[in-house]
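*Asks:* Take a look at the following structure, please.
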Amino acid sequence: MAAIIRQRQVVADSWQLLKPAADGTVALPDVGDVIVPLAVWRSQRDALLGRAGGLGVWLDANDDPAHIAGDLGHFAVIAVNFPQFTDGRGYSIGRLLRERYGWRGELRAVGDVLRDQLFYLTRCGFDAFALRDGQDANAALAAFDRACLPASSERNRRRLG
Amino acid sequence: MYLYDEIDQRLVDERVAQFRDQTRRFLAGELSEDDFRPLRLQNGLYIQRFAPMFRIAIPYGLLASRQLRALAYIARKWDRGYGHFSTRQNIQFNWPKLEDVPDILAKLATVQMHAIQTSGNCIRNTTTDHFAGTAPDEIVDPLVWCEIIRQWSAFHPEFAYLPRKFKIAVSGSEADRAATQVHDIGLQARRDASGSVGFRVLAGGGLGRTPLIGAVMRDFLPWQDLLTYLDAVLRVYNRYGRRDNKYRARIKILVKELTPDVFRAQVEEEWAHLQGGPATLTTAEVDRIERRFTRPHYRQSEPASSAYAGALARDKAFNNWVRRNVQPHKVAGYAAVTLSLKKTGVPPGDATADQMDAVADLADRFSFGELRVSHEQNLILADVRQADLYELWQAVKALGLATPNIGLLTNIIACPGGDFCSLANAKSIPVAEAIQRRFDDLDYLHDIGELDLNISGCMNSCGHHHIGHIGILGVDKQGAEYYQISIGGAQGNDASLGKVLGPSVSQAEVPDVIEHLIELYLERRDSEEERFIDVVRRIGIEPFKEYVYGSHHKTAPSRRRQLAAA
């Protein structure tokens, strides 16, 4: 089981992130917790809802979170993919999910996620991180060591999340 | 001068510690070059032709004397005793060592400075009018708004990895001295009928490969909505700006491809969700920031100085300097003084550590301990008593910073070019010097009158050649350095983009071409009041083209110059 960072701790992760094959479909396992691509959620909604095991959805950088705005109650986790860590579209998706669509559950950054981006990702609402392969999740926790200033005023919230 | 509060200071201190750790990991091989690059760029560090180039932010060009002394210290200790003031009101050092940069950042933090977001695909240093707060034609003092934008943009978590860099300029005067029409976002502060502040918002302007004038997004955006509206523009750009081709990735391309109307509609749709939200500005927030600005305590009813009037009448050199380098001030008895970093033989915008220390002393003595960096790459003492001007002039002259050429042809704006920059196709500095030497006769220079000449070493246009009355662009012609000349560009309210005159020319030919352009201008102007740019606009570029590339230029240039000056 892969290790991820969740709520600033390294934990074992039970979720399987399903990637589409070339034809856009995914092989859906019979059991277990799965995070499916947005297109799969939209095309196989009923099958997914009838299935045993946890359900999550992942958005790619060019996906519009508005497509799941009415579906949030069906998911236990929402993941956002960062194709390259320099592709910042996912930061906007995170804020939209939290601030516009009211997602309160786990918001996970996946893909090319590195420790040096964790601080900004956190401030955009992400609370779970599946780091790029080969990254040391325990060492990455140092990214959270920065002083936490009191979020007492709007100004601090705006500047420091 | 804005003074940091505890949060500002802690943010900067934390960033120093963070970058120290990142640099350590990079040097230890724990962080690859690809993973480190965006991190160092967001801390101002490029890898250049010979060494890293390190760019330090001077927020909206405002600098305290103690900060300038810190820059002098850095120039001596970690560089080669000089720095280069850039067209974005920043300063660049060309010779630091990568491993020293964390220490340089720590030194900067002690004087409330940093290099955050001076490079990389993020929101860069906000620039403004170098006469902000002092100009007689000012409608709104832009400084507090610039600081509000600085606090909003610095460490903005959503917009650290944009498709491309993003530059915001703010003007608060009748005359636009901040080139707001050629920025990613241009803000023109104004007042409505009730006197309330708001902004005309432009988006999608820019220079570079695809020079464009910004499109008007909003004619009057109330100040309370400034940050929510900026968030909306940036979010649309962040989500939909092109990321497949770095030359098509600036916001201007998105605005152009969508059309300004469609882009505006998308921004408005986004803004409908953000307007009135948590980032809405309040009077309390604006006051909080305004109160942290130290403002000059001007003497009231400063009497007109008879000594000053006498010196003007008596001393022609002083008179020349005042005419060119001293600008009027909103407070009677005061003036804004430009120290020219455009002396012939010195790369435009360069200052030595000794000059920086000396200017810091002059700022303390004559201008409330503050100065400005202009996007024309000069230094400005913005609050000088008229009665002190003669004494100041003598001190500035001794420093080699009194060349009376502000607004004239030799006040050349130039990027560092191929001497330093790894992006450049061609050198800028020797071209600037050759032109300055050709026009070394002050009377001739003054006779030519107002003329902006800009040089960029490549299409990235750091020297803003598109908006020079005469623009010079370095191009690569089968491995050789050539220069493409354009005319008719302008900054300011009637901003326009220059048109290419004709085939590019060699470095040696550039001064001749400039001289020919000037000759034809002098011949065709209807009075001394008609500037070069006015003549180009009136008669078009064809006569200039013909004159430069036709048979006329066989005449000995010096002979015609004598005629023109006669």
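The values are calculated or read from the model by the stated rules, or taken from the named source; none is laboratory data. Predicted, not measured: the structure shown is a model, and the values here were computed from it. Cβ sites come from the backbone with ideal geometry, for glycine too, and all protein chains shown count toward neighbours.
*Asks:* Of all residues in region B:153-207, how many are within 14 Å of another protein chain (Cβ to nearest Cβ) and over 18 Å from the mean Cα position of the chain (by Cα)?
*Replies:* Taking region B:153-207 and keeping what is within 14 Å of another protein chain (Cβ to nearest Cβ), we get B:153-166.
Retained after the next criterion (residues that are over 18 Å from the mean Cα position of the chain (by Cα)): B:153-164.
Of the residues in that region, 12 qualify.
*Asks:* Ok, one more. Suppose we filter B:LYS246, B:LYS252 for residues that are within 14 Å of chain A (Cβ to nearest Cβ) and either of a type in the set (D, E, K, R) or touching a strand residue (DSSP E or B) at 6+ places or on another chain (Cβ under 8 Å) (or both); which single one remains?
*Replies:* Criteria check complete, one pass: B:LYS246.
Listed here are the residues, each with its yes/no results for (1) part of a helix (DSSP H, G or I); (2) touching a Cys at 6+ places or on another chain (Cβ under 6 Å); (3) closer than 30 Å to B:ALA424 by Cα; (4) among the charged types (D, E, K, R).
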{"site": "B:GLN9", "(1), (2), (3), (4)": "yes, no, no, no"}
{"site": "B:VAL12", "(1), (2), (3), (4)": "yes, no, no, no"}
{"site": "B:GLN18", "(1), (2), (3), (4)": "yes, no, no, no"}
{"site": "B:GLN22", "(1), (2), (3), (4)": "yes, no, yes, no"}
{"site": "B:ASP35", "(1), (2), (3), (4)": "yes, no, yes, yes"}
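*Asks:* For the subset of region B:288-316 comprising residues that are touching a residue at least 40 places away in the same chain (Cβ under 8 Å) and small (Gly, Ala, Ser), which member is surrounded by the fewest Cβ atoms within 10 Å (Cβ to Cβ)?
*Replies:* B:ALA304
*Asks:* Still on this model: Go through (1) surrounded by fewer than 20 Cβ atoms within 10 Å (Cβ to Cβ); (2) in contact with a helix residue (DSSP H, G or I) (Cβ under 8 Å, 6 or more places away or on another chain) for B:LYS342 and report which single condition fails.
*Replies:* B:LYS342 satisfies all of (1) surrounded by fewer than 20 Cβ atoms within 10 Å (Cβ to Cβ); (2) in contact with a helix residue (DSSP H, G or I) (Cβ under 8 Å, 6 or more places away or on another chain) except (1).
*Asks:* Mind checking which strands (runs of 3 or more DSSP E) fall wholly inside region B:53-166 and carry at least 1 residues that are over 21 Å from B:TYR2 (Cβ atoms)?
*Replies:* B:82-85, B:91-93
*Asks:* Moving to a separate point now. Just checking, which of B:ALA189, B:ALA169, B:ALA160 is touching a Pro at 6+ places or on another chain (Cβ under 6 Å) and among the small types (Gly, Ala, Ser)?
*Replies:* Going through B:ALA189, B:ALA169, B:ALA160 in turn, the sole match is B:ALA189.
A quick yes/no check of all residues on (1) modelled with pLDDT of 95 or more; (2) buried (at least 22 other Cβ atoms within 10 Å of the Cβ):
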site: B:ILE7; (1), (2): no, no
site: B:GLU30; (1), (2): no, no
site: B:GLU33; (1), (2): no, no
site: B:LEU45; (1), (2): no, yes
site: B:GLN48; (1), (2): no, no
site: B:MET53; (1), (2): no, yes
site: B:ALA57; (1), (2): yes, yes
site: B:LEU62; (1), (2): yes, yes
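*Asks:* Quick one: which residue in B:GLY418, B:GLY492, B:GLY479 is within 17 Å of the chain's Cα centre (by Cα) and either at pLDDT below 95 or assigned by TED's automatic domain parsing to the domain that holds B:PRO211 (or both)?
*Replies:* Working: B:GLY418 fails: within 17 Å of the chain's Cα centre (by Cα); B:GLY479 fails: within 17 Å of the chain's Cα centre (by Cα).
Sole residue among the options that is within 17 Å of the chain's Cα centre (by Cα) and either at pLDDT below 95 or assigned by TED's automatic domain parsing to the domain that holds B:PRO211 (or both): B:GLY492.
*Asks:* Also, I was wondering about something else. Mind checking which residues of region A:13-65 are within 19 Å of A:LEU96 (Cα to Cα) and outside any helix (DSSP H, G or I)?
*Replies:* Of everything in region A:13-65, those that are within 19 Å of A:LEU96 (Cα to Cα) and outside any helix (DSSP H, G or I) turn out to be A:PRO37, A:GLY56, A:VAL57, A:TRP58, A:LEU59, A:ASP60, A:ALA61, A:ASN62, A:ASP63, A:ASP64.
*Asks:* Residue check: is B:VAL233 farther than 30 Å from B:GLY457 by Cβ and surrounded by 24 or more Cβ atoms within 10 Å (Cβ to Cβ)?
*Replies:* Details: farther than 30 Å from B:GLY457 by Cβ: yes; surrounded by 24 or more Cβ atoms within 10 Å (Cβ to Cβ): yes.
Spelling it out, B:VAL233 is indeed farther than 30 Å from B:GLY457 by Cβ and surrounded by 24 or more Cβ atoms within 10 Å (Cβ to Cβ).
*Asks:* Taking B:ILE470 and the conditions (1) of a type outside the set (Ser, Thr, Tyr); (2) under 22 Å from the mean Cα position of the chain (by Cα); (3) closer than 15 Å to B:PRO211 by Cβ, which numbered condition does it fall short on, given that it satisfies the others?
*Replies:* In the conditions (1) of a type outside the set (Ser, Thr, Tyr); (2) under 22 Å from the mean Cα position of the chain (by Cα); (3) closer than 15 Å to B:PRO211 by Cβ, B:ILE470 misses (3) alone.
*Asks:* Conditions first: (1) crowded, with 19+ Cβ neighbours inside 10 Å; (2) over 27 Å from B:GLY276 (Cα atoms); (3) hydroxyl-bearing (Ser, Thr, Tyr). A:SER43 passes all but one, so which condition is the exception?
*Replies:* Unmet for A:SER43, out of (1) crowded, with 19+ Cβ neighbours inside 10 Å; (2) over 27 Å from B:GLY276 (Cα atoms); (3) hydroxyl-bearing (Ser, Thr, Tyr): (1).
*Asks:* Mind counting the residues in region A:99-116 that are more than 9 Å from chain B (Cβ to nearest Cβ) and under 21 Å from A:LYS19 (Cα atoms)?
*Replies:* Counting residues in region A:99-116 that are more than 9 Å from chain B (Cβ to nearest Cβ) and under 21 Å from A:LYS19 (Cα atoms) gives 8.
*Asks:* Let me ask something else about it. Within region B:172-188, can you find the residues that are crowded, with 24+ Cβ neighbours inside 10 Å, of a type in the set (Gly, Ala, Ser) and part of a strand (DSSP E or B)?
*Replies:* Within region B:172-188, B:GLY186 is the sole residue that qualifies.
To keep it simple, each residue is scored yes or no on (1) without any contact (Cβ under 8 Å) to a residue 12 or more places away in the chain; (2) within 14 Å of chain A (Cβ to nearest Cβ).
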residue: B:SER32; (1), (2): yes, yes
residue: B:ASP35; (1), (2): yes, yes
residue: B:ARG40; (1), (2): no, yes
residue: B:GLY44; (1), (2): no, no
residue: B:PHE54; (1), (2): no, no
residue: B:ALA57; (1), (2): no, no
residue: B:LEU62; (1), (2): no, no
residue: B:GLN67; (1), (2): no, no
residue: B:ALA72; (1), (2): no, no
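*Asks:* I'd like the full set of residues that are surrounded by fewer than 17 Cβ atoms within 10 Å (Cβ to Cβ) and part of a loop (DSSP other than H, G, I, E, B), limited to region B:424-442.
*Replies:* Scanning region B:424-442 gives B:ASP440, B:ASP441.
*Asks:* Go through region B:497-525 and give me each residue that's touching a residue at least 40 places away in the same chain (Cβ under 8 Å) and part of a strand (DSSP E or B).
*Replies:* Correct list: B:LYS499 only.
*Asks:* B:PHE166: at pLDDT below 95, within 30 Å of B:ASP244 (Cβ to Cβ) and of a type in the set (Phe, Trp, Tyr), yes or no?
*Replies:* no
*Asks:* Give region A:117-135 a look and list any residue that's of a type in the set (S, T, N, Q) and either at the interface with chain B (Cβ under 8 Å from one of its Cβ atoms) or within 16 Å of B:ALA160 (Cβ to Cβ) (or both), or say none.
*Replies:* A:GLN117, A:THR122
*Asks:* Given the conditions (1) surrounded by fewer than 18 Cβ atoms within 10 Å (Cβ to Cβ); (2) within 14 Å of chain A (Cβ to nearest Cβ); (3) among the hydroxyl-bearing types (Ser, Thr, Tyr), which single one is not true for B:THR228?
*Replies:* (1)
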